[in-house]
Amino acid sequence: MPSLFYAVLGDDVKIIITYIESLRIKKMNKIKIQRTYYEDCTIGRLWCGEFQCFTLELPMLNNASSISCIYPSGGFIGRKHFSAKNGDVIAIDNVMGRTNIQVHSGNYTSQIQGCILVGDSVRFLNDDGVPDVTNSKNTLKKLLSMLEDSFRVDID
């Protein structure tokens, strides 16, 4: 606000405005994923500040394009992106030997081609015997709302 406005309203209003501005949600510049590898899938836990959710990926098949989770682990660059196929997503750049890696919504490994799904729990939703994630669209929406446009992605 302009200082002239402050002068008219007084110091009490300045304090209230400063307090309200301090309550604004700060965007995060990092997410971390810790994973466990299984024969039929890879399940992880994602942290973004205090926010936590689960991740679902394909099994570890030596980073083969479209059929493997991201491997090896490491630090990557993430950015908000709009995908014609998946809508609002997180694009993960600089993955060695891979392109078009996304964190997007979905529930089943059959919906993944080398990307990462997020959800608020892990359950068996269909009859394929492979774990699935739940509430994926809302989980991704919440995650995207917390992130800066570009950020670091650490995957262990």
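Where a number appears in this text, it was derived from the coordinates with a stated rule and is not lab data. On a predicted model such as this, the values are computed, not experimentally measured, just so you know. When we count neighbours, we look across all protein chains shown, and the Cβ atoms used for this are built from the backbone with ideal geometry, even at glycine.
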Hits among lysines - C-alpha to C-alpha of Lys137 under 18 Å, sequence gap 8 or more where chains match: Lys80, Lys85
field: Contour minus Cα-Cα distance for Gln52 and Leu144 (0.36 nm per residue)
entry: 31.9 nm
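Grab the Cα-Cα distance for Ser73 and Asn94, subtract it from 0.36 nm times how many residues apart they are, and report the gain in nm with one decimal. Let's see the in-between values first.
Values: separation 21, 0.36 × 21 = 7.56 nm, distance 1.20 nm.
Contour length minus the Cα-Cα distance gives 6.4 nm.
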task: Report the net charge of residues surrounding Ser150, where surrounding means a beta-carbon distance below 13 angstrom and charges are Lys +1, Arg +1, Asp -1, Glu -1.
output: +2
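DSSP loop (so not H, G, I, E, B), at most 10 other Cβ within 10 Å: list which trypsin sites (Lys or Arg not before Pro) in segment 37-123 pass both filters.
Taking segment 37-123 and a limit of 10 other Cβ atoms within 10 Å, the loop trypsin sites (Lys or Arg not before Pro) found are Lys85.
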